[in-house]
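Peer 1: Take a look at the following structure, please.
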Amino acid sequence: MKTVYVAMSADIIHQGHLNVLNEARKFGDVIVGLHTDDVIRGYWRNPIMKYEERKEVVSNIKGVVSVIPQDSLDQVPNIREIKPDYVLHGDDWKEGVQKVLRDKVIEAIGEWGGKLVEVPYTQGVSISKLDEELAQIGITPQMRMKSLKELIYSKKPVRILEAHNGLTGLIVEKTKVEKEGRIKEFDGMWISSLCDSTAKGKPDIELVDLTSRLNTINDILEVTTKPIIVDGDTGGQIEHFVYTVKTLERLGVSAIIIEDKTGLKKNSLFGTAVVQTQDTIEHFSDKIRAGREARVTSDFMIISRIESLIAGAGMEDAIERAKAYIEAGTDGIMIHSKEKNGEEIIKFCRRYNGFENKVPLVVVPTSYNFMKEDELIELGVSVVIYANHLIRSAYPAMVNTAKSILENGRSKEASINCMPIKEILTLIPGGM
Ligand code: SPV
Ligand code: MG
């Protein structure tokens, strides 16, 4: 019997997969090279079904004799080993980024006289539509919570954007661009204390209490499925912090980031223009330990934010604190800086990379916004948070609209910059 190799992700099985496998079995025994979870995360998103589950499904499709892991988008390492008589693929890879992968297969398969078979791509199956329908079904708190850790340990960088209500949550959830053949999107939401406070017309000084913050978080949880990282400010009193951890974990939030400051908290981007008092290493380490003990599962992450570069305490202090917080059991380190040239961040990351004991590193490139994600990945960063950009872009647009109505005594001029009524009526499905 001849052998046929077919590579696929098979995260949501649809008739397109069945068509391909039906064609394949006409040529011989079908071996499926199933993309590993890391491969799917790397080119697309967190898989809905994990490798073992997908393997179980695919193994039971008629004609499939074995399923083996394919740990890169490139099929060549697997087919060189198996030397199949045929490699079968949809004919949609002749153009675009996939063409490189096709060329590699053609080159390799000639080595043992194998053949590439291309079958017509099944039209009318929209993965993104299936994806949207799945998102509407929703996600359990447990699944959502652990998805951040899974992403952190398999995808770089994990890209997070600020959300401060249901609508901005939906923007983070749904916005996609296609770049160089890959779909790019955000991996989750940051519930910024600055943006949550600003949206409520209040200063960012831990004035908006937990109940009010939880309302925002709930509004976002209700309409999204992606993981959520909560800006926990200082975490408050240790005795209060343990309750916050339990509440957030129960809701399905993935992580809380707490900063090592005490007293009346001021936003870090003021730097030393305001009084910024740092906690002692000992007390903050106690807070980390208490948070760890309070959580029910290790899927919920407690991330420690070092404010030494903000408060003017310097690099050595930042390094010492990073080591101490890791020792106390933190699940991640966020290093913050308001320097525009990015030099302190680069220096910190280089020192951090030399640590024997490391946890995932988080950065918030608001001031050093010229730095690209690729550069941050090179520096060993795992999570990049765009902390305030939706509210900062919305506010000037809204003020301009308000001014235009006042200046013109009517809304015609302002309407040019507004979305059409028809669009807003149908923006959120289910309104008709
Ligand atoms: C926030 O978004 O509230 C933050 C990040 O804490 S920063 O504003 O840069 O301090
Ligand atoms: Mg904050």
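The values are calculated or read from the model by the stated rules, or taken from the named source; none is laboratory data. A quick note: this is a predicted structure, and the numbers were derived from the prediction, not measured. Note: ideal-geometry Cβ built from the backbone for every residue, glycine included; neighbour counts use all protein chains shown. For accessibility, only protein heavy atoms count, side chains too; no ligands or nucleic acids. Shrake-Rupley method; radii C 1.70, N 1.55, O 1.52, S 1.80 Å.
Peer 1: Output the helices (runs of 4 or more DSSP H) that fall wholly within segment 147-260 and possess 2 or more residues being over 22 Å from the mean Cα position of the chain (by Cα) and of a type outside the set (Val, Ile, Thr), or say none. Before you say what the answer is, go through the steps one by one.
Peer 2: Details: elements: 166-174, 193-199, 210-223, 238-251.
It comes to 193-199, 210-223, 238-251.
For (1) under 29 Å from Arg250 (Cβ atoms); (2) out of contact with any Leu (no Cβ under 8 Å at 6 or more places or on another chain), each residue gets a yes or a no:
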residue	(1), (2)
Thr262	yes, yes
Asp279	yes, yes
Ile288	yes, yes
Ser308	no, yes
Gly332	yes, no
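Peer 1: So which residues in segment 258-307 are out of contact with any strand residue (DSSP E or B) (no Cβ under 7 Å at 6 or more places or on another chain) and small (Gly, Ala, Ser)?
Peer 2: Ser268, Gly271, Ala273, Ser285, Ala290, Ala294, Ser298
Peer 1: For the condition modelled with pLDDT of 95 or more and farther than 26 Å from Arg289 by Cβ, what is the one hit in Leu214, Leu194?
Peer 2: Working: Leu214 fails: farther than 26 Å from Arg289 by Cβ.
Just a single option satisfies the conditions, and that option is Leu194.
Peer 1: If we keep just the residues of segment 354-380 that are in contact with a Pro (Cβ under 8 Å, 6 or more places away or on another chain) and not acidic (Asp, Glu), which is farthest from ligand 2 (Cβ to nearest atom)?
Peer 2: First pass over segment 354-380, keeping only residues in contact with a Pro (Cβ under 8 Å, 6 or more places away or on another chain): 371, 373, 376-377.
Adding the requirement that they be not acidic (Asp, Glu) leaves 371, 376-377.
Details: Met371: 20, Leu376: 20, Ile377: 24 Å.
Here the answer is Ile377.
Peer 1: Which residue out of Ile288, Ile257 is over 13 Å from Ile205 (Cα atoms), within 12 Å of ligand 1 (Cβ to nearest atom) and touching a residue at least 24 places away in the same chain (Cβ under 8 Å)?
Peer 2: Numbers: Ile288 fails: within 12 Å of ligand 1 (Cβ to nearest atom).
So the residue among Ile288, Ile257 that is over 13 Å from Ile205 (Cα atoms), within 12 Å of ligand 1 (Cβ to nearest atom) and touching a residue at least 24 places away in the same chain (Cβ under 8 Å) is Ile257.
Peer 1: Just to be sure I understand, how many residues within segment 280-335 are surrounded by fewer than 24 Cβ atoms within 10 Å (Cβ to Cβ), assigned to a loop (DSSP other than H, G, I, E, B) and not acidic (Asp, Glu)?
Peer 2: 10
Peer 1: I would also like to ask the following. Take segment 68-99 and flag every residue that is open to solvent by 70 Å² or more (accessible area, probe 1.4 Å) and at pLDDT below 90.
Peer 2: Of everything in segment 68-99, those that are open to solvent by 70 Å² or more (accessible area, probe 1.4 Å) and at pLDDT below 90 turn out to be Lys94, Glu95, Val97, Lys99.
Peer 1: Next question, about the same structure. Hey, could you check segment 261-293 for residues that are within 26 Å of the chain's Cα centre (by Cα) and modelled with pLDDT under 95 and say which is farthest from ligand 2 (Cβ to nearest atom)?
Peer 2: Looking at residues that are within 26 Å of the chain's Cα centre (by Cα) and modelled with pLDDT under 95, I get Leu269.
Peer 1: When you go through Gly63, Gly113 one by one, which is the residue that is surrounded by 17 or more Cβ atoms within 10 Å (Cβ to Cβ) and on the phi > 0 side of the Ramachandran plot? Step through it out loud before you land on a result.
Peer 2: Values: Gly113 fails: surrounded by 17 or more Cβ atoms within 10 Å (Cβ to Cβ).
Selected residue: Gly63, the only one of Gly63, Gly113 that is surrounded by 17 or more Cβ atoms within 10 Å (Cβ to Cβ) and on the phi > 0 side of the Ramachandran plot.
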